[in-house]
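K.L.:
Take this structure, written in structure tokens, and hold onto it; I'll ask about it next.
Only the coordinates and a few stated rules stand behind these numbers; no lab work does. Computed from a predicted structure; not experimentally measured. Virtual Cβ from ideal backbone geometry, glycine too; neighbours counted across all protein chains shown.
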Amino acid sequence: MTQPLALLLYERLLPGSQLVNRLQDMGYRVNTIPGANNLVETCLREKPLLLIVDVREADDKVCAALRQLSASPDTNHIPVIATVPAQSPEAAEAARQSGVKLVVHDSVILAHLDQFIDQALQLD
């Protein structure tokens, strides 16, 4: 049986590696994306079940890539979870404006990862 693929794009090493380990423990294959410039291309090639993206700033390359991802009929079906700093409502709003439906604080993602994944995978 093939393991579902989760793609991760993150800047900070410690929380990112913790997410990788937790997802692998949950039975996912996990690939990391080397940078926002590769986000759409990697999603098109790898066809993930889930994408988790670290959004640090309100207007950056990550948000531009997320807008491109949500605008494309080839990738707009991919569930995206954006993690944002709790002290940055600007980053949360930027993620939402980029087409992300599930935005969570980076301080709680690990504690509630299974619930967030279930929520992201629900069909509208």
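K.L.:
Given the Cα atoms of the chain, and with Rh set as the inverse mean 1/r over their pairs in the Kirkwood sense, what is Rg to Rh to two decimals?
P.N.:
Taking Rg over the Kirkwood Rh, I get 0.92.
K.L.:
Once the dipole of the chain is set up with Lys and Arg at +1 and Asp and Glu at -1 on Cβ about the Cα centre, which of 26, 110, 97 lies farthest towards its positive end?
P.N.:
Projecting each Cα onto the dipole axis, the largest value belongs to 26.
K.L.:
Please identify the DSSP H helices in the chain that span no less than 27 Å along the helix axis (Cα) and have a mean Kyte-Doolittle hydropathy of -1.0 or more.
P.N.:
none
K.L.:
Once every DSSP H run of n ≥ 4 in the chain is given -39500 (n - 2.57) and the sum is divided by its residues, what mean residue ellipticity at 222 nm do you get, rounded to the nearest 500 deg cm²/dmol?
P.N.:
-12000 deg cm²/dmol
K.L.:
In nm, to one decimal, how far is the modelled label at residue 60 from the one at residue 22, with both set 7 Å along Cα→Cβ?
P.N.:
According to this spin-label approximation, the distance is 2.0 nm.
K.L.:
Estimate the FRET efficiency between residue 49 and residue 86 by the formula 1/(1 + (r/R0)^6), using the beta-carbon distance for r and 25 Å for R0, to the nearest 0.05.
P.N.:
That gives a FRET efficiency of 0.40.
K.L.:
Note down the relative contact order for the range 74-113 as a percent, whole number, built from C-alpha pairs under 8 angstrom at least six residues apart.
P.N.:
With pairs under 8 Å counted, the relative contact order is 45 percent.
K.L.:
Can you give the FRET efficiency to the nearest 0.05 for residue 29 and residue 114, using r as the Cβ-Cβ distance and R₀ = 30 Å?
P.N.:
Rounded to the nearest 0.05, the efficiency is 0.95.
K.L.:
Once you sort the root eigenvalues of the Cα gyration tensor of the range 30-70 as a ≥ b ≥ c, which label holds: rounded (a/c under 1.5), prolate (a/b larger than b/c) or oblate (the other case)?
P.N.:
Here the range 30-70 falls in the prolate category.
K.L.:
Sum up the charges of everything whose Cβ sits under 12 Å from the Cβ of residue 5, counting Lys and Arg as +1 and Asp and Glu as -1, but leave residue 5 out.
P.N.:
Residues near residue 5 contribute +2 overall.
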